[in-house]
Amino acid sequence: MLDDRKCAIIGCGFVGASSAFSLMQSGLFSEMVLIDVNRDRAEGEAMDLGHGLPFAQPMEIYAGSYDDLRDCGLVIIAAGANQKPGESRLDLVRKNVGIFRQIIPEITGRNAETTLLVVSNPVDILTYVTLKLSGFPANRVVGSGTVLDTARLKYLLGRQLRVDSRSVHACIIGEHGDSELAVWSSANIAGVDLRSFCEQSSYCDHPESLRKLAEDVRNSAYKIIRKKGATYYGIAMAVRRIAECILRDEHSILPVSSLVEGHYGLHDLCMGLPAIVGRNGVEKIVDIGLSGEEQAELKKSADTLRRVLDSLELPR
């Protein structure tokens, strides 16, 4: 029987460890197992996190093995090679697909009922790889998608317009990577159309500024990697938010990566689109309105992912 209050994190690098720290502080889980090919690394992270528990809620955190996954309600996969300076997320694909070919059978051989949350990059490709290798129902294979990209968009737009980022309603969709796109046609600030809000705020150079802002969002990871070697705090908060939606059965809408079949005329790939997320994982993809230009950009993003997927030998 699954324990919804037990989660596992596979891969204890920067992203996995930061996600573990974020989840420890959330109080969502009562038990968390850390698994890494480097057992000492997993044990060290578990010890370090455990020493902070007197300042948080009671929780059991320990380094374990794949056998500890048997009753996990949520398994978070953060394993894989790191993105290096000058390397795109898609450059990582062959290295990390190879790693996933080893990991996924280890999971499914012990627990075929859990929900899988894929965080490793390139996340859309690896979410699809996980879906095909696991044989799980599509709703129970979720990727972090463009949740972080959307948070970056809200943060930067909020700063530019001098409003709380939580009042910014806009999203990034498509590939979590270079072909992603900002959906400006339906963006709003607390219900006020973005263009109207900009006019009310005497905000000038609207189209060019938005183009530059979307570019800044797209390049954020590259800038961070150049400056500090890796990105991990932002994605750790995104992992926490997705886990909240699943564990609390929130039915919140997040642009996670999941199987797309028929939406916007796209088929048989995973990419970030707004979806209702709850206890059953991805319950429904929400088709938000897109302009003709946005529709064309989304098709290009899908084509980028399709070319990579077609180069892989995956079960159909």
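Every number in this text was worked out from the coordinates using simple rules, so none of it is lab data. None of the values given here were measured: they were computed from a predicted structure. Every residue, glycine among them, receives a Cβ derived from its backbone with ideal geometry; neighbour counts consider all protein chains shown.
What to note about this one:
- Our estimate of slack between Glu215 and Tyr233, defined as 0.36 nm per intervening residue step minus the Cα-Cα distance, is 4.4 nm.
- FRET E, pair Tyr62, Ile224, Förster distance 45 Å, beta-carbon r, rounded to 0.05: 0.90
- Neighbour counting of Cβ atoms within 10 Å sorts the residues Ser26, Ser201, fewest neighbours leading, into Ser201, Ser26.
- C-alpha center-to-center spacing [region 141-200, region 73-115] in angstrom: 28
- Degrees between helix 233-247 axis and first principal axis of the chain (Cα, 0 to 90, nearest 10): 80
- Pairwise FRET efficiency - Asp40 versus Ile253, Cβ, R0 = 41 Å, nearest 0.05: 0.50
- Semi-axes of the equivalent ellipsoid of the chain are 32, 22, 18 Å, computed as sqrt(5λ) over the eigenvalues of the C-alpha gyration tensor in descending order.
- Under-5 Å amide H pairs with Glu31, H placed in peptide plane, nonlocal only: Cys7, Glu60
- Whole-Å semi-axes of the ellipsoid equivalent to region 47-163 (Cα gyration tensor, √5λ, descending): 27, 23, 15
- Karplus 3J(HN,Hα) series, Hz, for region 126-138 with 6.51 cos²θ - 1.76 cosθ + 1.60 (x for Gly, Pro): 6, 5, 5, 4, 4, 4, 6, 6, 7, x, 6, x, 4
- Listed residue (Met24, Gln57, Asn111) projecting farthest to the positive dipole end of region 3-143, Cβ model: Asn111
- Crossing angle, helix 14-26 versus the chain [Cα axis fit, 0-90 degrees, rounded to tens]: 90
- Label point 7 Å beyond Cα of Val192 along Cβ direction - residues of region 127-165 with amide nitrogen under 17 Å: 157-165
- Folded to 0 to 90 degrees: helix 39-50 orientation relative to the chain principal axis, Cα: 70
- Near Gly278, the amide H atoms lying under 5 Å from its own belong to His251, Glu283; only residues 5 or more places off or on other chains count, and H is placed 1.01 Å from N.
- Of Lys95/Lys132; Lys95/Lys300; Lys154/Lys223; Lys132/Lys300; Lys132/Lys227; Lys154/Lys212, pairs whose Cα-Cα distance is over 26 Å: Lys132/Lys227
- Overall form of region 147-310 per C-alpha gyration tensor (a/c, 1.5; a/b vs b/c): rounded
- Helical mean residue ellipticity (222 nm; -39500 (n - 2.57) per DSSP H run of 4+; nearest 500) of the chain: -13500 deg cm²/dmol
- Shown is the FRET efficiency for Glu293 and Gln102, computed with R0 = 30 Å from the Cβ-Cβ distance and rounded to the nearest 0.05: 0.10.
- Based on Cα contacts under 8 Å between residues 6+ apart, region 147-310 shows a relative contact order of 23 percent.
- Length released on extending from Arg70 to Arg162, taking residue separation times 0.36 nm less the Cα-Cα span: 28.3 nm
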